[in-house]
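Have a look at the structure below, then the notes.
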């Protein structure tokens, strides 16, 4: 009796799919999809000798899920940058930075129980050097206004001095679960 062998592409699809869901997104999601389809094709052509259909399907599903979540985010960033409205791209970058800071503020409050000692974004748990560096804004561009608690604060983003966004100011104000934007 001959043993059936799992295709290498099905195993690769599964591993790449797992990485697509956690750290790498579409960078490994797209190869997971390709490997999954190749594996399914090979298994269909030689079902007596090859297995791994379940692994291939799992890799395909995870690869497609990573694309479903990543593509709208990428489109929200790339489309304004490519559009005829560069100011909208600048505002979008500032909003993304403020959103990252907002999430880090909540995480800081959960971990440490307060926001005492937080004076700038790089003081926050979860934000490291380079995380806020973009085309138009960098870590020094973001300043806290009021910082009472994770539900009541403001963040002001000012375009990099001497850069194309110089003079662009975006203010995010959070209060009682609401967020308001001013540009």
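The values are calculated or read from the model by the stated rules, or taken from the named source; none is laboratory data. Fair warning: this is a prediction, and the values are worked out from it, not measured in the lab. Every residue, glycine as well, gets a Cβ built from its backbone with ideal geometry; the counts of neighbours run over all protein chains shown.
With the condition kept exactly as written, say whether any residue in the stretch 77-90 is touching a strand residue (DSSP E or B) at 6+ places or on another chain (Cβ under 7 Å), modelled with pLDDT of 85 or more and more than 30 Å from residue 36 (Cα to Cα).
No.
How many residues are within 19 Å of residue 105 (Cβ to Cβ) and either surrounded by 15 or more Cβ atoms within 10 Å (Cβ to Cβ) or not assigned by TED's automatic domain parsing to the domain that holds residue 108 (or both) when one looks only at the stretch 136-157?
Residues that pass the stated criteria total 13.
For residue 126, which of the numbered conditions (1) in a loop (DSSP other than H, G, I, E, B); (2) out of contact with any strand residue (DSSP E or B) (no Cβ under 9 Å at 6 or more places or on another chain); (3) modelled with pLDDT of 85 or more fails to hold?
The number of the failed condition is (3).
Can you tell me which residue within the stretch 21-41, out of those that are surrounded by 17 or more Cβ atoms within 10 Å (Cβ to Cβ) and at pLDDT below 90, is farthest from residue 70 (Cα to Cα)?
Looking at residues that are surrounded by 17 or more Cβ atoms within 10 Å (Cβ to Cβ) and at pLDDT below 90, I get 21.
Go through the stretch 100-118 and count every residue that is out of contact with any strand residue (DSSP E or B) (no Cβ under 7 Å at 6 or more places or on another chain) and closer than 14 Å to residue 141 by Cα.
Looking only at that region, the number is 1.
As an exercise: evaluate residue 183 against (1) loosely packed, with under 14 Cβ neighbours inside 10 Å; (2) over 21 Å from residue 74 (Cα atoms); (3) free of Cβ contacts under 8 Å to residues at least 40 places away in the same chain and give the number of the one condition it does not meet.
For residue 183, the failing item is (3).
Can you give me the number of residues within the stretch 110-121 that are buried (at least 17 other Cβ atoms within 10 Å of the Cβ) and in a helix (DSSP H, G or I)? Even if it seems obvious, please write down each step before you answer.
Of all residues in the stretch 110-121, those buried (at least 17 other Cβ atoms within 10 Å of the Cβ) come to 115, 118, 121.
Restricting the remaining residues to those that are in a helix (DSSP H, G or I) gives 121.
Total meeting the criteria: 1.
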